[in-house]
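Quick notes on the structure that follows.
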Amino acid sequence: METEVITEDIINLVIARLKTIPENARLSVGNSEQMQVADIIDQVRNQTEIGKQVIETQLFFLRSLSNLPS
Amino acid sequence: MYLLVTRPKHDSVTHYLYYWAGLLVDEAKKKGLRVIDLEKTKATKKKLESYLKKQQPDTLIFNGHGSPDCITGHNNETLIEANGNAEILKDKVVYMRSCESGKVLGPISIKHGAKAFIGYDEPYQFWTQEDAIREPLKDPLAKPFLTTSNQIGISLIKGKTPKEAHADSVAVYKKEIARLLQSDAENTFLVMALMWNMQHQVCLAQK
């Protein structure tokens, strides 16, 4: 995973996007159990390994917007 | 083809992989292929090594938790480790549906003579729906993730090469992503993790 400075703006952007996900969705990533959106948001806020993974996934998507399949 | 599949089922993640890998076992049997199904508690290092030594399947599909240098089975027991027993993958075509094993274990297995290795060089992610855990095959959130990764196994079972199987999977990823990006599509948020998995799916092979 790329190492980059995670600013407060990036964290807020990622959290805003996560808040649009249905509450009954669960994410499996890494070796963790399935997580609720609220738990994922906590992980992002606290910048845990999983939180950083979620941030990286969101940023990867945003950077890829110009190359999306259509 | 002689196929070996590991599919433990000891937590919520492996619960999903267990059922979706079961479709590959069914498909292979339907095609008349020989299949060793190391399901649930059978997904142990001892059984794996024993089957590889005595029966010599040529294609291995692993499902479970992983890390850059290992793949695990039942109760997260290490089945194959980069600096341990990776030589048992010699002459095999390998697909690991797990986190990160494409980072170190993949290249090491090729060094030890594996014919090909398909896996992920970053954490593999998928979404599920809370009320669908009893029927993982019908989970609308999990389906795009496990259909795209299952395509690798389906293509291998059809006799395609590892590179073709990888390409077939990427094609299904692109189709799913395009479908989810349509203006009337539900669950567009799935696209992010799908793109992540697609980008980090690696196919390594002997030169």
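For the reader, a short list of remarks on this structure follows.
- Region B:1-137 - Debye-derived log10 I(q)/I(0), Cα point model, q = 0.18, 0.22 Å⁻¹: -0.96, -1.41
- Cβ-derived FRET efficiency at R0 51 Å, A:D42 paired with B:K111, nearest 0.05: 0.80
- Between helix B:12-30 and chain B: long-axis angle, C-alpha atoms, 0 to 90°, nearest 10: 70
- Placing R0 at 45 angstrom, the Cβ-Cβ distance between A:S66 and B:T41 gives a FRET efficiency of 0.40 after rounding to 0.05.
- Most fluctuating residue given options B:D11, B:D58, B:D69, as computed from a GNM of chain B linking Cα atoms under 10 Å: B:D11
- Estimated dipole of chain B in Debye, rounded to 20 [Cβ of Lys and Arg +1, of Asp and Glu -1, Cα centre]: 920
- For the segment B:98-104, counting C-beta atoms of other chains within 10 Å of every residue's C-beta and taking the mean gives 1.
- Region B:106-149 - Debye-derived log10 I(q)/I(0), Cα point model, q = 0.16, 0.28, 0.30 Å⁻¹: -0.58, -0.94, -1.02
- In chain A, helical runs assigned H by DSSP with n ≥ 4 each contribute -39500 (n - 2.57); averaged across all residues and rounded to the nearest 500, the mean residue ellipticity at 222 nm is -16000 deg cm²/dmol.
- Cα long-axis angle, helix B:143-157 against chain B (0 to 90 degrees, to the nearest 10): 40
- Relative contact order (%) - region B:47-184, alpha-carbon pairs under 8 angstrom, separation at least six: 17
- Percent of alpha-carbon pairs separated by more than 17 Å within chain A: 42
- Taken about its Cα centre, the protein assembly as shown carries a charge dipole of roughly 1420 debye when the Cβ of each Lys and Arg holds +1 and the Cβ of each Asp and Glu holds -1.
- Quarter of Cα convex hull surface for the protein assembly as shown, i.e. mean projection, nm²: 14.3
- Across region B:76-207, the convex hull enclosing all Cα atoms gives 117 Å³ per residue.
- Fluctuation leader among B:G32, B:G113, B:G22 - chain B, Gaussian network, Cα springs under 10 angstrom: B:G32
- Other protein chain C-beta atoms within 10 Å of residue C-beta, averaged over A:55-66: 3.
- Chain A: DSSP helices with Cα axial extent of at least 20 Å and average Kyte-Doolittle hydropathy no lower than -0.5: A:49-64
- Computed label-point distance, nm, for sites B:S183 and A:L13 using a 7 Å Cα→Cβ extension: 2.6
- In a reduced charge model with +1 at each Lys and Arg Cβ and -1 at each Asp and Glu Cβ, region B:137-207 shows a dipole moment near 320 debye about its Cα centre.
- Average partner coverage of B:187-199, which counts Cβ from other chains inside 10 Å: 5
FYI, it's all coordinate maths here, none of it is from the lab. For clarity, every value in this text was computed on a predicted model and none was experimentally measured. With ideal geometry, Cβ positions are generated from the backbone for all residues, glycine too; neighbour counts draw on all protein chains shown.
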